[in-house]
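J.: Here it is, the structure in full.
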Amino acid sequence: MTADALVIFTPSGKRGRFPLGTPVLTAARSLGVDLDSVCGGRGICSKCQITPGYGAFPKHGVTVAKDALSEWNAVEDRYHRVRGLAEGRRLGCQAQVMGDVVIDVPPKARSTSR
Ligand code: FES
């Protein structure tokens, strides 16, 4: 059996279980969550920005561990050096699900908000 994790997106409340290592953007797409992507997941456009939430979420019945997403990777590092990523943000095409997690999709990352 493959280990999987619960992924909950806010504000939509859409949720699903995904194999560990699934990119957040892939999880969002398979649930129909409105998370934008212009560069096709190459770490260039930053449209896929998300804010992971850590700690207890009684409302959702989950506690999110600090390592619920994969480590900050080289692509995010490059983007941050060149363009800058706001504190706490990750690139959804790069961050992978490693444990139960609550993911907030900021207004700018929703394609319908523009
Ligand atoms: S989809 Fe473009 S940076 Fe993630």
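Coordinate-derived values only; no laboratory data. Just so it is clear, the model here is predicted, and its values are computed rather than measured. No Cβ is skipped: glycine too gets one built from the backbone with ideal geometry, and neighbour counts run over all protein chains shown.
J.: Under the condition of being in a loop (DSSP other than H, G, I, E, B) and either touching a residue at least 60 places away in the same chain (Cβ under 8 Å) or farther than 24 Å from Thr112 by Cα (or both), which residue from the stretch 8-24 is nearest to the ligand (Cβ to nearest atom)? Give the steps one after another, and end with the answer.
T.: Here is the first cut: in the stretch 8-24, the residues in a loop (DSSP other than H, G, I, E, B) are 11-14, 20-22.
Filter again for either touching a residue at least 60 places away in the same chain (Cβ under 8 Å) or farther than 24 Å from Thr112 by Cα (or both), leaving 11-12, 20-22.
On the way: Pro11: 20, Ser12: 18, Leu20: 20, Gly21: 17, Thr22: 15 Å.
Checking each candidate, the answer is Thr22.
J.: For the stretch 90-114, what are the residues that are more than 18 Å from Ile8 (Cβ to Cβ) and crowded, with 20+ Cβ neighbours inside 10 Å?
T.: Passing the criteria: Leu91, Cys93, Gln94.
J.: Within the stretch 89-106, can one find any residue that is in a loop (DSSP other than H, G, I, E, B) and more than 13 Å from the chain's Cα centre (by Cα)?
T.: Going through the stretch 89-106, the residues in a loop (DSSP other than H, G, I, E, B) turn out to be 89, 92-95, 98-100, 105-106.
Now drop any that are not more than 13 Å from the chain's Cα centre (by Cα), which leaves none.
No: the stretch 89-106 contains no residue that is in a loop (DSSP other than H, G, I, E, B) and more than 13 Å from the chain's Cα centre (by Cα).
J.: Here's something else I'd like to know. Across the stretch 53-81, what is the total count of residues that are hydrophobic (A, V, I, L, M, F, W, C) and either part of a loop (DSSP other than H, G, I, E, B) or within 13 Å of the ligand (Cβ to nearest atom) (or both)?
T.: The initial filter retains those residues of the stretch 53-81 that are hydrophobic (A, V, I, L, M, F, W, C), namely 56-57, 62, 64-65, 68-69, 72, 74-75.
Now drop any that are not either part of a loop (DSSP other than H, G, I, E, B) or within 13 Å of the ligand (Cβ to nearest atom) (or both), which leaves 65, 68, 72, 75.
Within the stretch 53-81, residues that are hydrophobic (A, V, I, L, M, F, W, C) and either part of a loop (DSSP other than H, G, I, E, B) or within 13 Å of the ligand (Cβ to nearest atom) (or both) number 4.
J.: Now a separate question. Among the numbered criteria (1) out of contact with any helix residue (DSSP H, G or I) (no Cβ under 8 Å at 6 or more places or on another chain); (2) buried (at least 18 other Cβ atoms within 10 Å of the Cβ); (3) not aliphatic (A, V, I, L, M), which one does Lys47 miss?
T.: (1)
J.: Within the stretch 31-52, can one find any residue that is part of a helix (DSSP H, G or I) and more than 9 Å from the ligand (Cβ to nearest atom)?
T.: Going through the stretch 31-52, the residues part of a helix (DSSP H, G or I) turn out to be 31.
With the extra rule that they be more than 9 Å from the ligand (Cβ to nearest atom), the set shrinks to 31.
Checked against the condition, which is being part of a helix (DSSP H, G or I) and more than 9 Å from the ligand (Cβ to nearest atom), the stretch 31-52 yields at least one hit.
J.: Another question about this same structure. Could you say which residue among Ala5, Ala27 is more than 14 Å from the ligand (Cβ to nearest atom) and more than 16 Å from Pro106 (Cβ to Cβ)? Show your work before the answer.
T.: Numbers: Ala27 fails: more than 14 Å from the ligand (Cβ to nearest atom).
Residue meeting the stated conditions: Ala5.
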